[in-house]
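So the structure is just underneath, and the comments pick up after that.
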Amino acid sequence: MRRLLVLSLLFASPLFAQDSQSAARAAAGCGPDNVQFDVRVDKSQHPSPQPESGKALVYVFEEERWDGDKTKIGAVTTRVGLDGAWVGANHGQSYFTVAVDPGDHRICSAWQSSLKRWSKLASAASFTAESGKILYYRVIVDERTTHQPSIRLEPVDPAEALLIIGNSGLSSSKPKKS
């Protein structure tokens, strides 16, 4: 009986680790690991919407950092989660907005990749939204060879956000069909 218990724990532990990692990511604001996004970026549009009545508005920008002397092929897609559900994605120098109810929230961004090494990279933050207010966050994707690849989510000053909007494309995303 003891041997059966030990064997079942050994085989179940990777599943348990995966479930606890998924639970931790959801608690941090991320959505389910199996959701991937198709993203389109329109570089000709730079709208600056305002919050709808009774809501706050959150802008999420993506910025990629890489070695300028290295050839870069393609851009990174980052998913953005809010309170445990994915709300959209960015691809390269882009941004999107999401309306939120007033109150406490958790926002998460994760590198979208089929490679486990990259898809584990994520960052999260907590914020309090107020009706009629606008919040700005930047997802920094660091791909430089002098650093470990990373993703970092940080608040952005409203004045700087206006400059970023003018230099970024508008992102629209939808979940990929399985």
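The values are calculated or read from the model by the stated rules, or taken from the named source; none is laboratory data. Predicted model, so just to flag it, every value in this text is computed and none were measured. Here the Cβ positions follow ideal geometry from the backbone for every residue, glycine too, while neighbour counts run over all protein chains shown.
Does segment 123-164 hold any residues that are among the β-branched types (V, I, T), surrounded by fewer than 17 Cβ atoms within 10 Å (Cβ to Cβ) and out of contact with any Asp or Glu (no Cβ under 7 Å at 6 or more places or on another chain), and which are they?
Our first condition is that a residue be among the β-branched types (V, I, T); within segment 123-164, this holds for 128, 134, 139-141, 145-146, 151, 156, 164.
Retained after the next criterion (residues that are surrounded by fewer than 17 Cβ atoms within 10 Å (Cβ to Cβ)): 128, 145-146.
Selection gives T146 alone.
Given the options S123, S109, S114, name the one that is assigned to a loop (DSSP other than H, G, I, E, B) and either free of Cβ contacts under 8 Å to residues at least 24 places away in the same chain or not aromatic (F, W, Y) (or both).
The conditions single out S114.
Residues being touching a residue at least 40 places away in the same chain (Cβ under 8 Å) and exposed (fewer than 12 other Cβ atoms within 10 Å of the Cβ): count how many of those fall in segment 73-106.
Adding up the residues that qualify gives 1.
Out of the residues in segment 40-71 that are of a type in the set (G, A, S) and part of a loop (DSSP other than H, G, I, E, B), state the one that is modelled with the lowest pLDDT. Quick ask: steps written out before the conclusion?
Quick first cut of segment 40-71, residues of a type in the set (G, A, S) only: 44, 48, 53-54, 56, 68.
Still in the running and part of a loop (DSSP other than H, G, I, E, B): 44, 48, 53-54, 68.
Numbers: S44: 93, S48: 88, S53: 96, G54: 97, G68: 68.
Selected residue: G68.
So is S131 outside any strand (DSSP E or B) and without any contact (Cβ under 8 Å) to a residue 12 or more places away in the chain or not?
Working: outside any strand (DSSP E or B): yes; without any contact (Cβ under 8 Å) to a residue 12 or more places away in the chain: no.
No: the conditions fail for S131.
Name the residues in segment 18-35 that are closer than 17 Å to F127 by Cα and in a helix (DSSP H, G or I), would you?
R25, A26, A27
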